Amino acid sequence: MDLHLNLNHDSGLAEQIHTQLSQQIASGALREGTVLPSSRELAGRLAVSRATVVTAYERLAAHGLIRSRAGIGTMVSAGRGSAPVAQVESPLRPRAVWEAEPFAVPDPAMPAAEFNFAPGVPTHAEFPFAQWRALLSDQLRTSTEAGYADPAGSARLREALARHLGVSRGVRVGAGQLVITTGAQQAFDIAARVLLEPGDTVAVEDPGYRPAYRGFLAYGARVVGVPVDAEGLVVDRIPPETRLVYVTPSHQFPLGMPMSESRRTELLAWAARHDAAIAEDDYDSEFRFTGRPLTPLQATDTEGRVLYVGSFSKTLLPALRVGFLGVPWTLAEAARRAKFAADYGTAGHLQAALAEFIETGDLARHLRRMRRTYERRHDVLMSELHDQFGGVLEPIGSSGGTHTAALLTPGNADDLALTDRARVEGVLVGALSRWGLQRPGPNGFVFGYGAIPAERIRDGLAALRRVI
Ligand SMILES: Cc1ncc(COP(=O)(O)O)c(C=O)c1O
């Protein structure tokens, strides 16, 4: 036990030791059963005589606060459990941005719903936990990645990932252009650090992905919500001074439709005309069920204006906190330095396990399995929406992913009231209007199908139907 005591003058040393130890016992900092250093050891550490410590210990024992146990030593005997640490009144206050509404953090302790249509939650049931455990423990036995490493990420993982992205998405990125990040969220942060001066304008989809919006706001950017229609971001509404445009072209969050080919062309041309960059969040692109594959903006970008963002949160688990950022060559070294400044690099053992998982083809196999699972859930959901909600909901329709959205027809109550009522009936579903950033989002629902098995969808929707 490494006790910290602060002795500030030479007289009354036993009294000071006694007072400070009794305070620590009273506050719960020293808990019942904690073994204290021997009187000889503590005297040595505090540079006082052993008799001084013995006096202090005797007084504590006389008050019943400590006792000696043969073979163990001196222990705390009357802890009061953990009490809050006494706080001083601090003059420090956070920057105003942290008081703003977008920064509300969701409550992870919220009880699980009987029918969980929460968006953004992948299926845990199919994650290969046993295999992952074996991969990680193998790395802990054998890995040489025990010290600080390249902040951009392990060369092996970046090479495996570059190949995987080339084959599965047509993304043209070399290993040296990739930075392994703590989820997509850190990729947005690094993009901002690399490209923006505080106060620069960032355009985001509205309704859109609030965590990205939040990240740019926290960095100190001026963030402007740009409307979205059936084809995706309305390009001619982007403010001309914008330096960075954030988009989810594969599966717009939260509405779910892909960005049309013509909008993609328009957006790349807009960025070229305005000398701007694009952060492409290729969210949910791995799970496509119908139609031709959509080519990422990154793959058709001939000017080197696209920063490509991906994540393993939906394909593996959000708890892994692994994502990546692919940048044009001109930004690669800055992105590497920005990652270094942020956190020195992502955990080495995790990267090594992931590299192995990709190289062996297990990731591709896992994705194929998950795609079948999600496709089945998507099909059941769409058909039940059609059967149970005719005239009440208009599905927006999406060609893949882990969620879909539907608009409430005019005359219905508002989605916030309805989702509250649904929660009471055991149904957790997203309110579309919540995803409006600077203007209210449309009235409707977001249905995630990562957490709900196909056979529960029908009953879950029936329970929702009853509250409308
Ligand atoms: C639009 C979008 N982008 C990215 C992510 C993944 O974020 P992260 O990798 O930080 O978990 C999500 C997760 O829900 C998302 O909805």
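The values are calculated or read from the model by the stated rules, or taken from the named source; none is laboratory data. All figures in this text were calculated on a predicted structure; none of them were measured in a lab. Note: ideal-geometry Cβ built from the backbone for every residue, glycine included; neighbour counts use all protein chains shown. Each accessible area value is taken on the protein alone, full model and side chains, heavy atoms only, with ligands, DNA and RNA left out. Shrake-Rupley method; radii C 1.70, N 1.55, O 1.52, S 1.80 Å.
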*Describe numerically, in nm with one decimal, the distance between label points set 7 Å from Cα along Cα→Cβ at L5 and at L140.*
3.8 nm
*Which whole-percent values make up P(r) of the stretch 1-138 when all C-alpha to C-alpha distances are grouped in 10 Å steps starting at zero?*
9, 25, 17, 14, 21, 13, 2
*Enter the Cα centre distance for the pair the stretch 103-167 and the stretch 236-306, rounded to the nearest angstrom.*
26 Å
*Between R193 and A417, what length in nm is gained on full extension when 0.36 nm per residue of separation is reduced by their alpha carbon distance?*
76.7 nm
_Could you tell me the relative contact order of the stretch 15-126? Use alpha-carbon pairs under 8 Å, at least six residues apart, and round to a whole percent._
29 percent
*How do W98, W435, W329 stack up against each other in accessible area, from largest to smallest, with a 1.4 angstrom probe?*
W329, W98, W435
*Show the residues, 5+ positions off or on another chain, whose built amide H is closer than 5 Å to the amide H of F447.*
T404, A405, A406
*Ignoring any ligand, DNA or RNA, what whole percent of the accessible area of the chain comes from carbon and sulfur when the probe is 1.4 angstrom?*
54 percent
*Can you check what the Kirkwood hydrodynamic radius comes to for the stretch 321-372, Cα pairs only, in Å to one decimal?*
13.1 Å
*For the chain, what does -39500 (n - 2.57) per DSSP helix run (n ≥ 4), summed and divided by total residues, give at 222 nm, in deg cm²/dmol to the nearest 500?*
-12500 deg cm²/dmol
*Please report how far the C-alpha centroid of the stretch 370-409 lies from that of the stretch 416-468, rounded to the nearest whole angstrom.*
12 Å
*State the percent of C-alpha pairs, over all pairs in the stretch 13-76, separated by a distance greater than 15 angstrom.*
46 percent
*Measure nothing but the geometry: give the 0 to 90° angle between the long axis through the Cα atoms of 348-359 and the longest principal axis through the Cα atoms of the chain, rounded to 10°.*
30 degrees
*Nearest 10 degrees, 0 to 90: helix 183-195 Cα axis against the chain principal axis*: 80 degrees
*asked:* Test of the criteria: in the stretch 227-332, which GluC sites (Glu not before Pro) are in a DSSP loop and have at most 14 other Cβ atoms within 10 angstrom of their Cβ?
replied: E241, E303
*asked:* Just to confirm the number: angle between the C-alpha axis of helix 329-343 and the first principal axis of the chain, 0 to 90 degrees, nearest 10?
replied: 30 degrees
*In what order, largest first, do L195, L5, L13 sit by accessible area if the probe radius is 1.4 Å?*
L195, L13, L5
_Signed unit charges on C-beta, dipole axis of the chain, positive-most listed residue P102, V167, L13_ = L13
*Quick one: Debye curve from the C-alpha atoms of the stretch 140-277, no solvent, what's log10 I(q)/I(0) at q = 0.19 Å⁻¹?*
-1.21
_For the chain, accessible area per residue (1.4 Å probe, heavy atoms of protein chains only), Å²_ = 47 Å²
_List the residues, sorted by chain then number, that are 5 or more residues from A277 or on another chain and whose placed amide H is less than 5 Å from its amide H._
L244, V245
*What is the packing order of peptides 100-107, 117-124, 17-24, taking the mean over residues of other C-beta atoms within 10 Å and listing the highest first?*
117-124, 17-24, 100-107
*Going 7 Å from the Cα of E425 toward and past its Cβ, which residues in the stretch 108-137 have a backbone nitrogen under 18 Å from where you end up?*
113-118
*Taking the convex hull of the Cα atoms, report for the stretch 129-364 its projected area averaged over all directions, in nm².*
12.2 nm²
*From the C-alpha gyration tensor of the stretch 357-432, pull out the three semi-axes of the equivalent ellipsoid (sqrt of 5λ each), sorted largest to smallest, in whole Å.*
32, 14, 10
*Can you pull the Rg over Rh of the chain, Cα-only, Kirkwood?*
1.09
